[in-house]
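Beneath this line is the structure, given in structure tokens, with notes to follow.
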Amino acid sequence: MAKLMVIPNCYEDITNIIGHVDSIAVGLRDLSVNFLELDLEQIEHILIDIHNQNKKLFVSLNKNMHNNDLENVRKALIKFEELRIDGIFYCDVGVLNIHRELKLQIPLVWSAEHLATNYNTINYWSKFNLSYVFLSNEITKEEVTVIKEHSKIPLIVQAFGYVPMYISKRHAIKNYLEHFKLKTDSKDFYIYKEEKKYPILERKDNTEIYSYFILNAIEEYGTMDVAYILLNGFKINIQLFLQVIDLFNNVNEKNKDEFKNKIDQLFDNTDLGFIYKEAIYQVKKNEK
């Protein structure tokens with residue numbers, strides 16, 4: 001049975017969540033994408049409670065790094081090694097190279113968003129002593145099963161929550177407000193397209209866009225034998241999220257249909273994403 005990993009919606013939710021999951025995953029501010037961003041002091045603070053309860057804390061350094069980020073990455077990795085952080089999510093090879101250069105022991109999680117889609121690529125990265133791979137959300141359940149059977153590295157699979165779709169280096173929200181001379185104190189922004197509502201979040205260096213739906217794959221992945229099932233609490237009310245966590249903690253082959261329906265009833269916009277939608281590429285013939 002997979003362990004349960006959670007991305008909290010906000011710092012204040014973490015205390016309520018710790019006792020119900022196996023691990024918490026957060027991002028280090030300005031060096032991560034698609035994770036709740038925390039300062040180093042906040043990470044040190046929650047680490048005490050998490051380790052006191054024999055749980056694990058993973059920290060993400062998974063954005064594409066600029067040259068001027070590398071010294072901060074180096075300092076962060078050294079500090080996290082001292083703190084005994086349980087794992088680091090990364091995408092940029094620069095993080096891996098610094099980790100190897102410093103001969104650190106902190107476990108690494110390859111988290112390349114849309115690139116972790118096949119076991120050949122994953123097994124290539126196994127040469128670098130990775131501890132986990134966070135699979136892409138754009139592959140089917142069947143493909144996840146095949147990767148599980150042939151992969152040399154334990155897998156992490158998202159089974160609940162909004163799904164990261166797109167990252168832009170532009171400040172989409174700020175530019176929009178300035179262009180139309182608009183002012184707002186709201187922190188909740190959405191893109192509306194074809195009657196669908198996509199959450200959009202702007203950070204210091206990028207803008208993130210999420211799916212219009214909440215992934216509900218408890219029936220497909222709730223009982224799957226991977227390393228971790230990930231639940232993303234982004235924009236999810238803590239009381240509803242705790243109900244979802246409880247369902248995942250108690251799901252089995254007999255009740256998974258019932259539990260899937262319960263989650264569907266909690267939210268208006270659940271979907272299965274690409275779980276049963278195989279990507280097919282066609283080459284267009286040149287017309288003479």
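Every number here is computed from the coordinates shown, using simple stated rules; none is lab data. Owing to the predicted nature of the structure, the values given are computational and were not obtained by experimental measurement. Here the Cβ is made from the backbone with ideal geometry for all residues, glycine too, and neighbour counts use every protein chain on show.
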Hydrodynamic calc, region 196-288: Kirkwood Rh from Cα pairs, then Stokes-Einstein at 37 °C with viscosity 0.692 mPa s, so D in µm² s⁻¹ is 209
Per residue, the convex hull enclosing the Cα atoms of region 83-167 spans a volume in Å³ of 110
In nm, the gap between the two label points placed 7 Å beyond Cα toward Cβ at Asn67 and Asp271 is 4.1
For Lys254, the lysines lying under 18 Å Cα to Cα, once residues fewer than eight places off in the same chain are dropped, come out as Lys262
Note: Glu82 to Asn249 extended length (0.36 nm per residue) minus current alpha-carbon separation gives 57.0 nm
Treating only Lys and Arg (+1) and Asp and Glu (-1) as charged, each at its beta carbon, one finds that the chain has a dipole about its Cα centre, in Debye to the nearest 20, of 760
The aspartates and glutamates whose Cα lies under 20 Å from the Cα of Lys181, excluding any fewer than 8 residues away in the same chain, are Glu202
Phi angles of region 265-275, converted by Karplus (6.51 cos²θ - 1.76 cosθ + 1.60, θ = phi - 60°) into ³J(HN,Hα) in whole Hz with x for Gly and Pro, give 6, 6, 10, 8, 10, 7, 7, 9, x, 9, 4
PRE zone check, label point 7 Å out along Cα-to-Cβ of Lys187, amide N under 13 Å, scope region 215-235, hits 235
Connecting every pair of Cα atoms under 10 Å apart in the chain and solving the GNM, the largest mean-square fluctuation among Asn137, Asn261, Asn34 falls on Asn261
The percentage of Cα-Cα pairs in the chain separated by more than 28 Å is 38
Mean shadow area (nm²) of the C-alpha convex hull around region 127-170 is 4.5
Between the modelled labels at Tyr11 and Asn175 (7 Å from Cα along Cα→Cβ) the distance in nm is 3.0
